[in-house]
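A quick write-up on the structure given underneath.
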Amino acid sequence: MIQMSIPLIPADDGALLIPADDVTGLLRRLAADWLESEHTGEMCGDEQTVRDLADVLTELADQIDVACIGFTSPSPHT
C-alpha cells in the first residue's frame, strides 16, 4: 500500500493547492505499485488492463511535467 505525505498550500482565495511534482510523483508511484502488484499476483483483474491504466497514469504525469516546464521556462522574447 502506498503511503505518502503531500503538502497542501492554501491559496489567497481559500483553495488548497498541491505542488505539481508531488502530483506527478503520486501518479508515477501509483502506476508502479499497480504494475508491481500485477507481477506478484496481488492485483485482481486483467493484466493488460492494469498495464494500460498504469501507462495512462504515467502519460498524465509526463503531460503535467511538460506543462509545468513550459509554464516556468523563460520566454525566448524576454
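Quick notes
- In region 35-51, the residues that are open to solvent by less than 70 Å² (accessible area, probe 1.4 Å) and at negative phi: Leu35, Ser37, Glu38, Met43, Thr49, Val50
- Hits in region 1-28 - residues which are of a type in the set (Val, Ile, Thr) and at pLDDT below 90: Ile2, Ile6
- Considering the conditions (1) of a type in the set (Asp, Glu); (2) open to solvent by less than 80 Å² (accessible area, probe 1.4 Å); (3) not in a helix (DSSP H, G or I), Asp12 is excluded by exactly one of them, (2).
- One residue stands out in region 52-68 among those that are closer than 22 Å to Met4 by Cα and of a type in the set (A, V, I, L, M): the one that is surrounded by the fewest Cβ atoms within 10 Å (Cβ to Cβ), namely Val56.
- Restricting region 13-35 to residues that are among the charged types (D, E, K, R) and closer than 26 Å to Val66 by Cα, the residue that is nearest to the chain's Cα centre (by Cα): Arg28
The values are calculated or read from the model by the stated rules, or taken from the named source; none is laboratory data. All values reported here derive from a predicted model rather than from experimental measurement. As a convention, Cβ positions derive from the backbone with ideal geometry for all residues, glycine included, and neighbour counts pool all protein chains shown. Just so you know, the surface numbers come from the protein's heavy atoms only, side chains and all, with ligands and any DNA or RNA stripped out. Shrake-Rupley method; radii C 1.70, N 1.55, O 1.52, S 1.80 Å.
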